[in-house]
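> Pasting a structure below so you can have a look.
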Amino acid sequence: MALARRMPVEIISVDSAQIYRGMNIGTAKPTHQEQRDVRHHLIDICDPADIYSAARFRDDATRLCGEIVSRGRTPLLVGGSMLYFKALRGGLSAMPSADPAVRSRIQALADAEGWTGVHERLQVVDPVSAARIHPNDPQRLQRALEVWEISGRSMTDLRAASPPGASEFPMTQFAIWPEARDVLHATIAARFDAMLAAGLIDEVAALRDRRDLRPDLPAIKSVGYRQVWGYLAGEYDAGRMREKGLAATRQLAKRQITWLRRWPDVHRLGAPDPVEVLDVLQSRAVD
């Protein structure tokens with residue numbers, strides 16, 4: 001927002017949960033006032049019952065970048081869904097669309113045998129994907145096995161047959177994360193507690209009251225929402241819910257940092273600093 005006061009930008013959200021309507025507190029969604037002050041995109045575009053993919057994000061973000069540039073403004077892509085950034089920057093291989101029936105069968109396998117059982121099944125049909133996906137990463141395990149079940153071909157084979165294409169837009173990339181882990185964890189705890197104080201439990205209760213939403217949907221599996229959903233289902237008490245929410249958020253931050261350490265051509269910022277960003281952009285313009 002501070003950068004938007006210094007240059008003509010429109011913000012594209014790169015957040016796999018802010019796309020969902022009715023999920024405001026747990027996603028730290030920009031306020032209505034912030035969205036009025038600076039134009040935002042890809043917020044509140046899906047119902048929580050919908051499934052939104054990285055491929056769909058790439059299509060939407062590419063279209064929006066073209067529209068924003070045509071207005072003489074700069075697209076500013078902001079968020080922490082690293083797969084979305086990867087899809088936009090490097091492209092995606094052609095993969096079959098999600099199939100709810102197949103996902104239900106995989107979820108039933110996970111319920112019966114745990115996600116380690118799903119991982120063992122993936123090792124049989126796609127050992128390369130199984131080697132790079134952790135047994136405790138249900139979303140990626142589900143997708144890799146789903147691709148096999150739908151197409152009869154492994155994700156590895158499909159990627160080799162259809163290499164991704166790079167983005168048509170030049171990008172300058174910035175990453176913000178604190179060096180000290182204790183500072184990061186303290187910030188995560190303060191943020192999660194603030195969300196609880198702001199009414200996160202009531203927000204999730206309203207989603208549960210709809211009756212058409214299930215805990216295996218991507219929206220409900222979002223960090224924070226999954227843990228509060230389990231608390232409201234009576235699976236554990238409020239203290240345990242908070243512990244699980246903090247642990248899941250710390251794990252998410254760790255995965256994001258792992259992505260960023262391998263990210264090429266990224267300018268690391270210790271804290272949000274619009275002046276430093278502008279300096280980098282100016283130097284690139286001169287080059």
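> Being under 28 Å from residue 89 (Cα atoms) and either assigned by TED's automatic domain parsing to the domain that holds residue 66 or in contact with a Gly (Cβ under 7 Å, 6 or more places away or on another chain) (or both) narrows it down to one of 175, 190, 197, so name that one.
On the way: 190 fails: under 28 Å from residue 89 (Cα atoms); 197 fails: under 28 Å from residue 89 (Cα atoms).
Only one candidate qualifies: 175.
> Separate question: Across the range 101-112, what is the number of residues that are of a type outside the set (Gly, Ala, Ser) and either without any contact (Cβ under 8 Å) to a residue 12 or more places away in the chain or in a loop (DSSP other than H, G, I, E, B) (or both)? Please lay out each step first, then the result.
Step one: list which residues in the range 101-112 are of a type outside the set (Gly, Ala, Ser), which gives 102-103, 105-107, 109, 111.
Narrowing the set further to residues that are either without any contact (Cβ under 8 Å) to a residue 12 or more places away in the chain or in a loop (DSSP other than H, G, I, E, B) (or both) leaves 111.
Going through the range 101-112 one residue at a time, the tally reaches 1.
> I've got another one for you. Examine the range 113-127 for a residue that is surrounded by 15 or more Cβ atoms within 10 Å (Cβ to Cβ), aliphatic (A, V, I, L, M) and touching a residue at least 60 places away in the same chain (Cβ under 8 Å), and state whether such a residue exists.
Checked the range 113-127: no residue is surrounded by 15 or more Cβ atoms within 10 Å (Cβ to Cβ), aliphatic (A, V, I, L, M) and touching a residue at least 60 places away in the same chain (Cβ under 8 Å).
> Follow-up question, since we're still on this one. Cβ contacts < 6 Å: first residue among the charged types (D, E, K, R), restricted to the range 131-157; second residue outside any helix (DSSP H, G or I) and crowded, with 16+ Cβ neighbours inside 10 Å, any location; separation 6+ or different chain. Result?
Short answer, once both residue conditions are applied: 140/133.
> Moving on to the next point. Return the only residue of 219, 253, 205, 186 being part of a helix (DSSP H, G or I) and either under 26 Å from residue 99 (Cα atoms) or out of contact with any helix residue (DSSP H, G or I) (no Cβ under 9 Å at 6 or more places or on another chain) (or both).
186
> Tell me, please, whether a residue that is over 20 Å from the mean Cα position of the chain (by Cα) and among the aromatic types (Phe, Trp, Tyr) can be found in the range 229-239. Reasoning before the result, please.
Taking the range 229-239 as the starting set, the residues that turn out to be over 20 Å from the mean Cα position of the chain (by Cα) are 230-239.
Subset that is among the aromatic types (Phe, Trp, Tyr): 231, 236.
Yes, some residue in the range 229-239 is over 20 Å from the mean Cα position of the chain (by Cα) and among the aromatic types (Phe, Trp, Tyr).
> Which one of the conditions (1) touching an Asp or Glu at 6+ places or on another chain (Cβ under 9 Å); (2) modelled with pLDDT of 95 or more does residue 130 fail to meet, given that it meets all the rest?
With respect to (1) touching an Asp or Glu at 6+ places or on another chain (Cβ under 9 Å); (2) modelled with pLDDT of 95 or more, residue 130 is out only on (2).
The values are calculated or read from the model by the stated rules, or taken from the named source; none is laboratory data. Note that the coordinates shown come from a computational prediction; the quantities given were computed from them, not determined experimentally. Counting neighbours? That spans all protein chains shown, and the Cβs are built from the backbone with ideal geometry, glycine included.
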